[in-house]
1. Among what's in segment 6-41 and is open to solvent by less than 40 Å² (accessible area, probe 1.4 Å) and among the β-branched types (V, I, T), pick the residue that is farthest from the chain's Cα centre (by Cα).
2. Of all residues in segment 42-51, count the ones that are open to solvent by 60 Å² or more (accessible area, probe 1.4 Å) and either assigned to a loop (DSSP other than H, G, I, E, B) or closer than 23 Å to P88 by Cβ (or both).
3. Taking the stated definitions as given, is H123 open to solvent by 60 Å² or more (accessible area, probe 1.4 Å) and not in a helix (DSSP H, G or I)?
4. Write out, first by first residue and then by second, each pair whose Cβ atoms fall under 6 Å of each other, whose residues are 6+ apart or on separate chains, and whose first residue, in segment 67-82, is of a type in the set (D, E, K, R) while the second is surrounded by 21 or more Cβ atoms within 10 Å (Cβ to Cβ).
5. Of the numbered conditions (1) in a helix (DSSP H, G or I); (2) surrounded by 12 or more Cβ atoms within 10 Å (Cβ to Cβ), E116 satisfies every one except a single condition; which is it?
6. Can you name the number of the only condition in (1) open to solvent by less than 20 Å² (accessible area, probe 1.4 Å); (2) farther than 12 Å from I118 by Cα that A100 fails?
7. Among the residues of segment 54-66 satisfying the criterion of being in contact (Cβ under 8 Å) with a residue 12 or more places away in the chain and open to solvent by less than 100 Å² (accessible area, probe 1.4 Å), which is nearest to L42 (Cα to Cα)?
8. Would you mind finding the one in L66, L56 that is closer than 20 Å to A105 by Cβ and touching a His at 6+ places or on another chain (Cβ under 6 Å)?
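The values are calculated or read from the model by the stated rules, or taken from the named source; none is laboratory data. Values in this document were obtained by computation on a predicted structure and should not be read as measured data. Here the Cβ positions follow ideal geometry from the backbone for every residue, glycine too, while neighbour counts run over all protein chains shown. Only protein heavy atoms, including side chains, enter the accessible area calculation; ligands, DNA and RNA are left aside. Shrake-Rupley method; radii C 1.70, N 1.55, O 1.52, S 1.80 Å.
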Amino acid sequence: METRKRPSPAELSNEELIATLDRLARYESRVTAVLVAHLAELERRELHTAAGFRSLHEYCTERLHLSEHEAYLRITAGRMAGKFPRIPELLASGDLHLTAVKLLAPCLIKSENPHELIDAARH
């Protein structure tokens, strides 16, 4: 079976480069949402402590090799997703990003209408 080498970005036409970037951004959003959901479930089951880590943050930085900031954003998003079920869907679609979730988190907890805040933060 012949495997085809993917062209480097420099080898792509302008249209191909733009299309590839669009596709990769959509893919990254979906993967991020799935990762966040899995981290939330790992925390719910306390599997990070069973694996010998003191915290989910430590698990993320030492086991998954995420930076401290990357870990913080994903953990916060996972916790907010548990409280606000639309968050994973919006992360997956790219309508909401991790930084927006982090910035919204304190407001969402206190808000009488968190769904309006989530809608206002899209894009």
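1. Filtering segment 6-41 for residues that are open to solvent by less than 40 Å² (accessible area, probe 1.4 Å) and among the β-branched types (V, I, T), the one farthest from the chain's Cα centre (by Cα) comes out as T20.
2. 4
3. Values: open to solvent by 60 Å² or more (accessible area, probe 1.4 Å): yes; not in a helix (DSSP H, G or I): yes.
So H123 passes the test.
4. R74/V36; R74/L39
5. Just one mismatch for E116, condition (2).
6. Of the numbered conditions (1) open to solvent by less than 20 Å² (accessible area, probe 1.4 Å); (2) farther than 12 Å from I118 by Cα, the odd one out for A100 is (2).
7. Across segment 54-66, the extreme among qualifying residues is L56.
8. Only one candidate qualifies: L56.
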